[in-house]
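Novice: Please find one structure pasted underneath; my questions will follow.
Every number in this text was worked out from the coordinates using simple rules, so none of it is lab data. Bear in mind that the values here come from a model prediction, so they are computed numbers and not experimental data. Quick reminder, even Gly has a Cβ in these numbers, built from the backbone with ideal geometry, and neighbours come from all protein chains shown.
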Amino acid sequence: MKRLWKCGVLGGMGLVLTAAVAATWAAEEKAEKKPQRRPDVIFVPTPQDVVEKMLEVAEVTKDDVVYDLGCGDGRIVVTAAKKYGCKAVGIDIDPQRVKESLERVKKNKVEHLVTIKEGDIFQEDLTPASVVTLYLLPSLNVKLIPQLKKLKPGSRIVSHSFDMEGVKPEKVIHYEAKDGITHTIYLWRAPIKVEKEEEEKGEKEKEK
């Protein structure tokens, strides 16, 4: 009986150890989760005072829904929620950035206002947004044009440092930040008009 009991205990311990090892492996696999594809840009955080200036330029209010495309560590959506009391959505393809964003949201207690999504910004429906913030390369801003054209009239698009070729901005602000660098902020308002398309439209009107 003692031997059987010992075998049972040892067997139980083996099961416990196996389960513990499996749980460890699962946790490590989850921690090392890789992006769906290679991120389009290397994450470089926007200085906090520039974040606040971007939201000011976009004229954010509590009634807005702010979408940050490539949200990094979540500072833009968290700032929007805390300062203006509005809803905000951050989207990033990198699981590590998503993790950092969720931690920032929790730390600032804005879970009721902020949603963080792991996803491809070029596959997302942006129509719920009334404000879209960008810190991407010019070519990526251009790639977003088909989605940005679907935004509701009056929606604002604000970009840190990079313009959107072929779409004339409503404003271009040169902001002297606390880091001693002059940061350029671009503002567009929906419906955005692609200059080439407008020219072609004008030519067709003349032909009629």
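Novice: For the pair residue 174 and residue 43, how long in nm is the line joining their label points, each one 7 Å along Cα→Cβ?
Specialist: So the label points at residue 174 and residue 43 sit 3.2 nm apart.
Novice: Let me ask you something else. If each residue of separation counts as 0.36 nm, what is the full-extension length gain between residue 184 and residue 149 once their alpha-carbon separation is subtracted?
Specialist: Result for the pair: 10.3 nm of gain on full extension.
Novice: Do me a favour and compute the ellipsoid semi-axes for region 108-160 from its Cα gyration tensor, root of five times each eigenvalue, largest one first, whole Å.
Specialist: Square roots of five times the eigenvalues give 20, 14, 12 Å.
Novice: By how many nm would the segment from residue 120 to residue 107 grow when fully extended, if each residue of separation counts as 0.36 nm and the alpha-carbon distance is taken off?
Specialist: So the extension gain works out to 2.2 nm.
Novice: Write down the Å³ per residue value for the convex hull defined by the alpha carbon atoms of region 26-154. Intermediate results must be reported in sequence, preceding the final value.
Specialist: On the way: hull volume 14.6 nm³, N = 129.
Dividing the Cα hull volume of region 26-154 by its residue count gives 113 Å³.
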